[in-house]
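A.B. asks: Handing you a structure now.
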Amino acid sequence: MLNSKFISKAVSAVASVAMVFTSIPSITVMDKAVAADKTMTAFEITKNMKVGWNLGNTLDAKAGDKNGDYETAGLETETAWGCPKANQQLFDALKAKGFNTVRVPTTWFQHLDADNNIDPEWMARVKEVVDYGIKNDMYIILNVHHENWINRADFANAYNEMQPKLMKIWTQIATEFKDYDQHLIFECMNEPRAAGTDHEWWAAEPVPECEVINKIEADFVKLIRGMDGPYAKTRLLMLPGYVASAEQTFLKEIDVPDDDFVAISIHAYTPYDFTMNTAVKDHSVFTGAYSQNLADTLQGMRDLFIEKDIPVVIGEMGTSNFGNTEARVAWTTQYFTATKKYGIPCCLWDNNTVENPKDPGECHGYINRTTGEWHEASLPIINKMMEIMNDDTIVWGSEGKAPEYKHQDLASGKVFRDEAIEIDASKSKTYENTTPGQEIAWSELEGKEVAIKYTGTTPVLAFSDAEYGNWTEFKPYTVDEEKGIAYYLVGQQLPAAWNDLSTVNHMQARTDKVTTIEKMVILDAPEVEIEVPVDKTKKYKIDLTKAPADAIYLALHFEGEANTTTNGCVGFNGDGWEQVEWEGKTNANGELMVEIDLSKFPAGLASAECQIWYQPELVDMVEYDFTVKQPGTVLPPETSTTTTLDSTTTTTETTTVTVSESTTTSVEGKITVIGDANLDDKCTVADAVAILQHIANQDKYALKPQGKINGDVDGVAGITANDALFIQKVDAGAESFKAA
């Protein structure tokens, strides 16, 4: 085996020589394929695959009882998970839409006898489904999927048990399909992992299972190459790393066999928080942070493999349908544009589920498999994929090789830090995961790049303001692995992410694992333009030192387009970055107030940051208040986010902060009087009139949020005519607001 970490693998010139066929297949559907007079290289295959689709939850389904016990089963497994049987009409619809590849996940263990012989009926059905695509001149990926004897807790110690069984299964598959040409691709395993362990899906460090996977896959390649058949030596073989992860931790551990027809198999539902994570409350915005994460992940694949002449196939990817079509289209645009430029074919995961309230993170249904019609909710995503694939201005593989940059020598640059220091991600609570904060101004960075010489994990470069707020990070746009130097084009990257460059104050290096920072140098930037994901998030400083000691709520006041749904967070630096999320909708006058309980923030916290995520171009934060308890004030329950007052309430004092466009703040105080619905700082019959007008026509006579709080005086939540009547009685002297 040839380790791929630092060795570039060239594609053999022999691969371009015409094949001499030694046998004629016995099946009619392969006649056209066998007649081909040229052997494709691995990269020619992946280019011709274009864009793919997964026949998920079908041949990979399992039939078992409620306890998860799976006995030998027959053809009924195909529909065990609720999907209809695959048919030619489905494959025709896929081809007509523009898909040129179908991945056929297939589970075999329920169709084996005691000697691991595959049930002939099951093999025949698999072959029938494969032929649906072959008839359409499509590429088919056939694999070993959902095998519970592979995905097991003792994976690291199970090589001697797993290897013979897997090799026997593949011997039978390869024999059955030996006369199928290069349109048929074999994928060794699906997401091999230590199931049921604490590192089943992720680990900070490489896990021992990685080496077992490397050994098994080397055996797999040797097996296929040693078999009879005209395509044994040139069939593309897809090899996943641990759990087929897109994480660099596992990708770097893959040992790529010295073979000209292997491709790395990767699953990339990236970033997971956006695509599938139900723990994330809102998926309506494909944020700048998500965009940067996706860009880094895809570029990492390019740099690790494509750059070294090793093909990559993203065998599974997609975004669950959270009712966020616009955001999914934005994600799709970036995803397919980048992978096309890198020369990486992608296979969309489809599990035939359009809606699933119990598990909204698993809604990956795109096509009605019975009728061949595309589901309306996800059709815009499919259309965007095809639009990009058909766009001749986006050239396949045009950025498969990283650009070569000419950098200024470190010795001639301006040294920012010249003292070696080890930083460790496990020490983030004591801030030892970063270099100490050092001051810097935008004037020192404009038109520049920063070079970091390091050993260990590639660092990220971070910037913050004087109070260490507005923390913004960048990964390098290029790395010289031989010299151990990472370069960050901050002259272009920082303006796209920072609202007010005059507030840039600190520059630091941070690590995701362990890194030794040897030197940080500011250099003149090369004459190059890079694509910088633009973060449209709006950010506003919150000065918590302005809050009175008995403040209860932070009230955020927004203005913008009428009836605009928006969301965001108030974030702060606690044990790392933490945030309290909020959401709301502006009224007919374009106003919105959001109240956040101050107990959600750590005691003594001096500052925070309000962020607008969704539709920030339509909404601005104009001010924020701190609501405090005054003698005789009845406060809302702790679980309430709005202040409801009754007839015994006296006054509530708020400290109002007006927010300027540059996100700086000025403070002014005011007293809000109970009953003061029109906010003229007094309670009169005019407030009763304002309430009655509001009830009659909320669009024309909308009360401001604070006015609604002040005017709700009758002891029943919500503004009603009874509040107006009570205020009239107070104004006439027939009633009074009594202290609680």
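Readers should treat all values here as calculations from the given coordinates under stated rules, not as data from a laboratory. The structure presented is a predicted model; accordingly, all values stated were derived computationally and were not measured. A quick note on method: Cβ atoms are made from the backbone with ideal geometry, for glycine too, and the neighbour counts reach across all protein chains shown.
A.B. asks: At a Förster radius of 22 Å, what calculated FRET efficiency corresponds to the Cβ-Cβ distance of W81 and W201, to the nearest 0.05?
C.D. replies: Efficiency, from the Cβ-Cβ distance: 0.55.
A.B. asks: Let me ask something else about it. P(r) for the range 410-524, please, calculated from all Cα pair distances in 10 Å bins and given in %.
C.D. replies: Taking all Cα pairs of the range 410-524, the binned fractions are 15, 51, 32, 3 percent.
A.B. asks: Any chance you could check the Cα centroid distance between the range 357-408 and the range 117-141 for me, in angstrom?
C.D. replies: When both Cα centres are located, 26 Å separates them.
A.B. asks: Something else now. I need to check one value: relative contact order of the chain, counting alpha carbon pairs closer than 8 Å and at least 6 residues apart, in percent.
C.D. replies: 9
A.B. asks: Could you check the simple spin-label distance between T72 and E578, using points 7 Å along Cα→Cβ, in nm with one decimal?
C.D. replies: For the pair T72/E578, the computed spacing is 5.8 nm.
A.B. asks: Report the net charge of residues surrounding W202, where surrounding means a beta-carbon distance below 11 angstrom and charges are Lys +1, Arg +1, Asp -1, Glu -1.
C.D. replies: Neighbourhood net charge equals -3.
A.B. asks: Another question about this same structure. Give the distance, in whole Å, between the Cα centre of the range 269-311 and the Cα centre of the range 196-214.
C.D. replies: 21
A.B. asks: The range 538-558 to the range 463-524: how many Å between their Cα centroids?
C.D. replies: 30
A.B. asks: Multiplying the sequence separation of E121 and Y468 by 0.36 nm and subtracting their Cα-Cα distance, what value in nm do you get?
C.D. replies: Working it through step by step, the gained length comes to 118.4 nm.
A.B. asks: Among the listed pairs K127/K215; K340/K483; K281/K538, which have their C-alpha atoms separated by more than 23 angstrom in this model?
C.D. replies: Where the Cα-Cα span goes over 23 Å, the pairs concerned are K127/K215; K340/K483.
A.B. asks: Would you mind classifying the range 396-453 by shape? Square roots of the alpha carbon gyration tensor eigenvalues, ordered a ≥ b ≥ c; an a/c under 1.5 is rounded, otherwise it is prolate if a/b is larger than b/c and oblate if not.
C.D. replies: Judged from the Cα gyration tensor, the range 396-453 comes out oblate (a/c at least 1.5, b/c at or above a/b).
A.B. asks: With angles folded into 0 to 90 degrees, how steeply does helix 721-731 sit against the dominant principal axis of the chain? Use alpha carbons for both and round to 10.
C.D. replies: Approximately 30 degrees, to the nearest ten.
A.B. asks: How big is the antiparallel share of DSSP beta bridges in the chain, given as a percent to the nearest 5?
C.D. replies: Bridges in the chain that DSSP calls antiparallel: roughly 75 percent.
A.B. asks: Working out 0.36 nm times the residue gap between N563 and I421, then minus their Cα-Cα distance, what length gain in nm do you get to one decimal?
C.D. replies: Between N563 and I421, full extension yields an extra 45.9 nm.
A.B. asks: When the expected Rg is taken as 2.2 N^0.38 Å, what fraction or multiple of it is the alpha-carbon Rg of the chain?
C.D. replies: 1.14
A.B. asks: In nm, give the distance between the simple-model label positions of T720 and N589, each being 7 Å from the Cα along the Cα-to-Cβ direction.
C.D. replies: Each label point is offset 7 Å from its Cα along the Cβ direction, giving 2.3 nm.
A.B. asks: Quick one: order M49, M123 by neighbouring beta-carbon count within 10 Å, fewest to most.
C.D. replies: M123, M49
A.B. asks: For the range 357-434, run through the trypsin sites (Lys or Arg not before Pro) and keep only the ones in DSSP coil with at most 11 other Cβ atoms within 10 Å of their Cβ.
C.D. replies: K358, K406
A.B. asks: Please give, to one decimal in nm, the separation of the simple spin-label points placed at E161 and Y701, each 7 Å out from Cα toward the Cβ.
C.D. replies: Placing both labels 7 Å along Cα→Cβ, they lie 7.8 nm apart.
A.B. asks: Report, in deg cm²/dmol and to the nearest 500, the calculated mean residue ellipticity at 222 nm for the chain, where each DSSP H run with n ≥ 4 adds -39500 (n - 2.57) and the sum is divided by the residue count.
C.D. replies: -6500 deg cm²/dmol
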